[in-house]
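For reference, the structure is listed below as structure tokens.
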């Protein structure tokens, strides 16, 4: 890390000069409403990013069309280091893999900067639900084909894709209910409109601490420290690994010096003790993966999801 900081110093000086000469703040576009997981993560990091970059950071919430509107704004922005975005994967990828959306961007429309959060999914029920394991859930779904109501945070998000995978592995068919965001999905589950739902662990653990939901499986390779004692789906016979990846991008064509400065600032902010403590309190698992790792991850995800999306779209994408 020290070597990267030394190498980045001239770039950071150049970038800081460009920011100060422009008279503008660094705009961080969050393509989701205030209060959600992405917004919370961005706002937790922004003050530290200001410190590391030596310029003010202004968060702009630009929700709409499952994050398409905000991401399109990032893609259209000038590649001058004054506008970056904080998106969610795999949803960003599934947006442009859906030809029906006519999304005005692809992977090539962006400069990958850094991965910030890898948040696995969790299958949740209300605390008064009789379902206490995936075996219980599958048994009920098998007894009531097309009637068991499973909720997710939006079509083609990681929650929806994990639900599709579970149905195929178990040979069952849910009545899949899609919402725009974790908030409405949680309200539906707590209100009894749905019987189970898939949420990111960062959201799920908060509901568990409040005593209003119970997790019956985590969708990661190992158990989550934020949901202690909850077995993985794989340990219950269903090898499903899914979750949300939250990461920073800039418009395509970003000059290398500006990119290097942004990445170095993001790395120091993300790995700072202050940020680690704050995100631990929020039950959000942080990481840092730079542009090379992010680029590789994104390309591999796109390759994996392309045939999946074709199949789901052919089937009508209802479940």
Subject >> Index of the failed condition, residue 203 passing every other in (1) assigned by TED's automatic domain parsing to the domain that holds residue 156; (2) assigned to a loop (DSSP other than H, G, I, E, B) >> reply: (2)
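The rows are residues; the columns are (1) part of a helix (DSSP H, G or I); (2) in contact with a helix residue (DSSP H, G or I) (Cβ under 6 Å, 6 or more places away or on another chain); (3) farther than 27 Å from residue 176 by Cβ.
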| site | (1), (2), (3) |
| --- | --- |
| 58 | no, no, yes |
| 63 | no, no, no |
| 73 | yes, no, yes |
| 104 | no, yes, yes |
| 122 | no, yes, no |
Original post:
Does at least one position in the stretch 33-44 carry a residue that is within 18 Å of residue 260 (Cβ to Cβ) and either in a loop (DSSP other than H, G, I, E, B) or at pLDDT 90 or above (or both)?
Top reply: no
**OP:** Specify the residue that is modelled with the lowest pLDDT; the eligible residues are those in the stretch 174-190 that are in a helix (DSSP H, G or I) and surrounded by fewer than 18 Cβ atoms within 10 Å (Cβ to Cβ).
**Re:** 183
Original post:
For the stretch 283-301, what are the residues that are modelled with pLDDT under 95 and over 20 Å from residue 42 (Cβ atoms)?
Top reply: 300, 301
Original post:
Which one is surrounded by the fewest Cβ atoms within 10 Å (Cβ to Cβ) among residues in the stretch 160-173 that are touching a helix residue (DSSP H, G or I) at 6+ places or on another chain (Cβ under 8 Å) and farther than 17 Å from residue 237 by Cβ?
Top reply: 173
Subject >> Residues (crowded, with 19+ Cβ neighbours inside 10 Å, touching a residue at least 60 places away in the same chain (Cβ under 8 Å) and part of a loop (DSSP other than H, G, I, E, B)) located in the stretch 132-154 >> reply: 154
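The values are calculated or read from the model by the stated rules, or taken from the named source; none is laboratory data. Computed from a predicted structure; not experimentally measured. We place every Cβ from the backbone using ideal geometry, glycine too, and count neighbours over all the protein chains shown.
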